[in-house]
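The values are calculated or read from the model by the stated rules, or taken from the named source; none is laboratory data. All values derive from a computational prediction rather than experimental measurement. Here the Cβ positions follow ideal geometry from the backbone for every residue, glycine too, while neighbour counts run over all protein chains shown. Only protein heavy atoms, including side chains, enter the accessible area calculation; ligands, DNA and RNA are left aside. Shrake-Rupley method; radii C 1.70, N 1.55, O 1.52, S 1.80 Å.
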2 protein chains.
Amino acid sequence: MSSFDFEEQRIKQEITRSDAKRVLLQMPQGLKPQATRIAKIVEDYGAVPIISSDPCYGACDIAETDAASLGVDLIVHFGHARIIKEEKTPTLYVEAYANIQIETAVTQALPLLAAYRNIGLATSIQHLKTIDIAKQILTEAGKVVFIGNMGQMDYAGQVIGCNYSNATAINRQVDAFLFVGGGMFHAIGIALGTSKPTIVADPYDNRAYSITNEALRIIKQRYAGIQEAQNAKSVGILVGLKPGQKHFDQALKVKKLAEMTGRAAYLLAGREITPDALMEFPNIDAYVNTACPRISLDAPAKFQKPILTVNEFMVVCGEVSWLDMLKKGLFEN
Amino acid sequence: MSSFDFEEQRIKQEITRSDAKRVLLQMPQGLKPQATRIAKIVEDYGAVPIISSDPCYGACDIAETDAASLGVDLIVHFGHARIIKEEKTPTLYVEAYANIQIETAVTQALPLLAAYRNIGLATSIQHLKTIDIAKQILTEAGKVVFIGNMGQMDYAGQVIGCNYSNATAINRQVDAFLFVGGGMFHAIGIALGTSKPTIVADPYDNRAYSITNEALRIIKQRYAGIQEAQNAKSVGILVGLKPGQKHFDQALKVKKLAEMTGRAAYLLAGREITPDALMEFPNIDAYVNTACPRISLDAPAKFQKPILTVNEFMVVCGEVSWLDMLKKGLFEN
């Protein structure tokens, strides 16, 4: 059995309700091993299942052009809550809540939170149903718990790779953050967005740890990237082609700013922005990324040239100071 | 100066003629270093240039959905001749003929062709303008030269990664093939499609060599892949999402055949079919590829599971014998 809830009954109901004949299944990498099992369920219910094999990192990346091209009448998108306002193809979101206990990991986090009284609590969509359990453990340990809700996400306390508004919303009230979930990715986003001590309670490993040092390391890397980009004579402005990552007007503004500050500027549109893809442009000295802001943020060493967020490029152009940008956030609008 | 003709004048004329406001430039990897130079030319002519940064391997992969999404009114596609019958966005093909002498390489090929009298001549689009020079050198050396034209390509003697009909058309008349162009990719396609000795005259390295042994090595690998796939309990059928690589009806037929021979079968749709993307499906034992037939053919070791062409899967299912399939071709229809 999978440790995530694939909500097979809800999928069946939606196929029946919508009378879907062709269903596209789209999942992030961690869930894909279950794709064949879900495909069989869809098929048993009378629809033709097609599994999307391309990488998928978020609900910004609904495969709607692929669905249109394949004559699909229902997309089932797993692992992310909806962020696009209107999809071209009817889309069912299966958030894939984790069937996993968080108590041990959260309890392990308590010693790391000993110095702090007011705790901001945040989590990824997979663990939202257990956020009250985490809150209770913290409260019983004498903490005052804050769960932010800026209204940009579907759920209070929810964070996604590119949006930490539910953490920044409560930043002034809290001394530290606790993120409940697997891996460092989201917790780093909280630490970068809030500059507060941030602890991870990882229920998959049943352990807790601080990512504050990791966040500091990244901030140093970002500063070095900005310094390097100061000397860039030509700038590539990355335009995302995934439906929720396309900010063409912003890219045009960045291009204008680059040119006003004496740089040659080129628009580059791509679906997957990879080190290999960018290696093909030896004349470009630095990139500004208007697509997914997390690209290159966690692993800039994989890329040969600096890839800045739009906010970071404002520092390069002297529009804002490094410290003011840090306060605003490396990639928040 | 680049060693390829980017036909800047023709691009300018097309922008003026079509009054294009936004132009998408799409190039294969070898040409992309020139993209910024061409972008400047487009911009000087009053249109907004956007460079596609995604990989591009052929004219099967016209970026028409990207163009629509970006509001582009002209695609300039470099390095390949047209193969799609009707594009959704007006598309100018700049074949990128090579500005390079072929005489030395072709002369170097003569000793390797000493044992053969009737020579089939083939080349990639980049060198088509010099095919008469190659023919003359061969003729003066006492050879009888054949240049095939099955009418599937724009030009006689032209081959592309997935279509060697201009070689197979003359296969009965010739003792060996000479391919003029860089790299082994096209020449291997000729050798696999014709089973004739095949010599490369590479004008970039000014040298000639036989790829017959390489083709034999690949055929052995393909046979091993077919043997391994015989034991597959579940099969993934790859559906290409690039406009010229989508053969959904064929994929449905392959699925039916797989199921009739007792296998579980799953449709997987993807844009880029990579080892990483396919690693996500541990329950699938072998793949059948209805997208670009060259994927995995030259480097199967990069993939953990066999990826068969449709023709190879017919051997697995007992629909055709290995030898008859080899005669028909590993991937020709």
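The mean sequence distance of close C-alpha pairs (under 8 Å, at least 6 residues apart), as a share of the length of segment A:204-304, puts its relative contact order at 36 percent. Electrostatic bookkeeping for B:Gly46 treats Lys and Arg as +1 and Asp and Glu as -1; over the other residues with beta carbon under 14 Å from its beta carbon, the sum is 0. Panel note: contact residues of segment A:267-297 (accessible area lowered by at least 50 Å² against the chain on its own; 1.4 Å probe) correspond to A:Leu267, A:Ala269, A:Arg271, A:Glu280, A:Phe281. What segment A:267-333 shows is 40 Å² of accessible area per residue, with the surface traced by a 1.4 Å probe over protein heavy atoms.
For segment A:135-288, the alpha-carbon coordinates run over 58, 30, 29 Å along the three principal axes, in decreasing order. Orientation-averaged projection of segment B:208-267 equals 5.9 nm² [convex hull of Cα atoms, one quarter of hull surface area]. Across every pair of non-identical alpha carbons in segment A:64-217, the mean reciprocal distance, once inverted, gives a Kirkwood radius of 16.1 Å. Tally the DSSP beta bridges in segment A:199-306 and give the antiparallel ones as a percent, rounded to 5. The antiparallel fraction comes to roughly 25 percent. Give, as a single signed number, the net charge of other residues whose beta carbon lies under 14 Å from the beta carbon of B:Thr168, with Lys and Arg counted +1 and Asp and Glu -1. The answer is +3. The mean number of partner chain beta-carbon atoms within 10 angstrom of a residue's beta-carbon across peptide B:50-60 is 5. With contributions of -39500 (n - 2.57) from each DSSP H run of at least four residues, the per-residue ellipticity at 222 nm computed over chain A stands at -9500 deg cm²/dmol.
Radius of gyration over Kirkwood radius for chain A, both on Cα atoms: the Rg/Rh ratio is 0.99. Across segment A:299-310, rounded Karplus estimates of 3J(HN,Hα) from the backbone phi angles (6.51 cos²θ - 1.76 cosθ + 1.60, θ = phi - 60°) give 9, x, 5, 5, 9, 7, 10, x, 10, 9, 6, 4 Hz, Gly and Pro being marked x. Here the protein assembly as shown is treated as an ellipsoid with the same Cα gyration tensor; its semi-axes, largest first and in whole Å, are 49, 32, 21. Accessible area per residue for segment B:122-226 is 41 Å², calculated with a 1.4 Å probe on protein heavy atoms, without ligands, DNA or RNA.
Across the copies of the chain, B:Gln152 has label points (7 Å from Cα along Cα→Cβ) spaced 5.2 nm apart, shortest distance listed first. Annotation: amide H of B:Ala265 within the under-5 Å range of B:Val235, sequence separation 5 or more or interchain, hydrogens built in the peptide plane.
Rounded to whole numbers, the Karplus 3J(HN,Hα) couplings from phi for segment A:20-32 are 5, 9, 9, 10, 9, 9, 10, 9, x, 4, x, 9, 4 Hz, using 6.51 cos²θ - 1.76 cosθ + 1.60 with θ = phi - 60°, and x at Gly and Pro.
Using a 1.4 Å probe over protein heavy atoms, the accessible area lost on pairing A with B, summed over both chains, comes to approximately 3700 Å².
Computed over segment B:1-67, the P(r) tail beyond 16 angstrom holds 47 percent of alpha carbon pairs. Counting only protein heavy atoms and a 1.4 Å probe, tell me what percentage of chain A's accessible area is made up of carbon and sulfur. Its accessible area is 51 percent carbon and sulfur atoms.
Scattering from segment A:275-333 was approximated by placing one identical point on each alpha carbon and applying the Debye formula without solvent; log10 I(q)/I(0) at 0.13, 0.31 1/Å stands at -0.34, -1.33.
Charge tally for A:Tyr209 (other residues, Cβ to Cβ under 15 Å; Lys, Arg +1; Asp, Glu -1): -1. A Gaussian network model of chain B, with springs between Cα atoms under 10 Å, assigns the largest mean-square fluctuation among B:Ile188, B:Ile125, B:Ile15 to B:Ile15.
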